[in-house]
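Below you'll find the structure, written out as structure tokens, and then a few comments.
All of the numbers you see were taken from the coordinates with simple rules; none came from a lab. Not measured: the values here are computed from a predicted model. Every residue, glycine among them, receives a Cβ derived from its backbone with ideal geometry; neighbour counts consider all protein chains shown.
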Amino acid sequence: MVLQFVTDGMKLAPLNPTPLTERDAMIAAGLASGTPATLQICGPDLPRGFGASASIQKVGGASTGGLGTVRVTEAFDLPNLFQNPNLTLSDTIGNNNGVADPGETIALTIPLTNSTGIVANTTTLQIVGGNSANYGTINSGSTASQTINFTVPAGTPCGSVVTITLNVNSSLGATSFTRTIPVGTPVATFVQNFDAVTAPTVPAGWVVTSAGAATQPWVSTFVSADTAPNSMFAADIASTGGLTALTSPAIAVTVPAATLTFRHRYNSESGFDGGVLDISIPSVSGGAFQDIVTAGGTFIQNGYNSILPATSTNTLGERSAWSGDSGGYVTTIVRMPAAAVGQSVQLRWTFGFDSSVAPVGGGWNVDTVRFDGNSQCIVTAAGVDVSGRVFASGGRGLRGAAVRLADQNGVMRTAVTGAFGFYQFTDVAPGQTYVVSIMSRRFNYSPRVVQLNDNIAGLDFQPE
Ligand SMILES: [Ca+2]
Ligand SMILES: [Ca+2]
Ligand SMILES: [Ca+2]
């Protein structure tokens, strides 16, 4: 049967197949046959490094001769569930401001996707140090989600990034993922929409440098702005290779959660001409510019989509880049490197091109730059306890009396006294004024008004 998948797979594979496209085509043939055969196919391939997470980052391609650099990442793992698409968080059970805050309990909705070709049974997900959930059976080609509550540790600094580990178990075996949750509401500390200048001027504090005889340096332009009237534009040139770089003013990074968000559209010779994002951190290599990912930054959305060729007249050769046609403006979000915290960084957008071929009017527009360098938080205080004793006449405790605790909005909780007249309310929200009153058919008690900032014990009631 496996042989059949191999021959079927060869028919399904693209022209000039790589070992991985052949492997995937064989899996596709196996799936099309209705038989879950991926393990049978991947199993024998594992010793050759064609396991589930093997990948080929670049398949040939160069502007002048050769096939460029092919990078192969070997893997020896079996297929398993994957945590995608991105998990989402809700804090409606907390302070409902849309972000995680220190001490707050949030609800994480965590999808698990099965694209292995095999049914996953008895699937569970455990947040290390937190709660877990049963996902049950996840069929191949399906995604299952569960919502799991997670409490951000109370002492978490505002603007930090909490890393959580998700341990997943099923009949496919164990696998694990780490995910990050920024803590606090981002605070924009720098914005630039390029709209206050007259095209082709560059805003004050921004610097353009270029190389290559035919290069047209970055300019502001009223053509194809994201926010009107202007965006910045670097043209894709189809003659001698060159590049142009746009460097921001220095921007303070206060917290680890800091992100850069910008809008851009690119239409370049796909795979050959493209744009990159660099950063200068004064404390790293004397502030030399390096690629944002190399520096430890993380793309949260719309990261690089291509690798430029090694052998090319594009001096950005062999770098990851945005290349090809974005089909209009897209939003890229990137988290700053840990090394940038406490530093003032500069960001640099560089567009490079080789010596031939460019789309008509092609190039790279960048607009609507926002830097969230700081965060603010609503600290969720831990609940406090209120306790005491209700007395009958003669100094005895009164059993079975209803004790009411009403907050400023009239929301009421009731406790009933025990055998010796003791009562207790736990986990009461602090920072408010409460009225505590006693309901008894035998005795009258004056209500007590308390400002609750901490635990209160010994809130006793004597009959009038
Ligand atoms: Ca919140
Ligand atoms: Ca603009
Ligand atoms: Ca080109």
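Close amide H contacts of ASN149 (hydrogens built in the peptide plane, cut-off under 5 Å, sequence separation of 5 or more or a different chain): LEU108.
For segment 341-401 and segment 245-291, compute the distance between their C-alpha centroids and round to whole Å. Centre-to-centre (Cα) distance: 22 Å. Averaging over all projection directions, the Cα-based convex hull of segment 280-360 occupies 6.4 nm² in the image plane.
The residues ASP354, ASP385, ASP427, when put in order of fewest to most other Cβ atoms within 10 Å, stand as ASP427, ASP385, ASP354. Under the rule of at least 5 residues apart or a separate chain, name every residue whose amide H is placed under 5 Å from the amide H of ARG319. Sorted by chain and number, the residues that satisfy this are LEU308.
Distant-in-sequence amide contacts of ILE300, defined by a placed amide H-H separation under 5 Å and a gap of 5 or more residues or a different chain, comprise ILE333, VAL334, ARG335.
Can you put THR247, THR113 in order, fewest other beta carbons within 10 Å first?
Result, fewest neighbours first: THR113, THR247.
The distance linking segment 302-320 with segment 178-242 is 20 Å (Cα centroid to Cα centroid, whole angstrom).
Starting from the coordinates of the alpha-carbon atoms of segment 88-183, obtain the Kirkwood hydrodynamic radius over all distinct pairs and give the value in Å to one decimal. Don't skip to the end; give the middle numbers.
Numbers: mean 1/r = 0.0709 Å⁻¹.
14.1 Å is the Kirkwood radius here.
Segment 404-448 and segment 79-126 have Cα centres separated by 39 Å.
In order along segment 420-437, the Karplus-derived 3J(HN,Hα) couplings, from 6.51 cos²θ - 1.76 cosθ + 1.60 at θ = phi - 60°, round to 10, x, 7, 9, 7, 10, 10, 6, 8, 5, x, x, 10, 9, 10, 10, 10, 9 Hz, and Gly and Pro are given as x. Taking other C-beta atoms within 10 Å as the exposure proxy, SER171, SER220 rank SER171, SER220 from fewest upward. I need the trypsin sites (Lys or Arg not before Pro) found in segment 237-321, filtered to DSSP loop residues with at most 12 other beta carbons within 10 Å of theirs. Filter output for segment 237-321: empty list. Highest mean packing first, where packing is the average number of other Cβ atoms within 10 Å per residue, the peptides 146-157, 438-449, 224-235, 276-287 line up as 224-235, 276-287, 146-157, 438-449.
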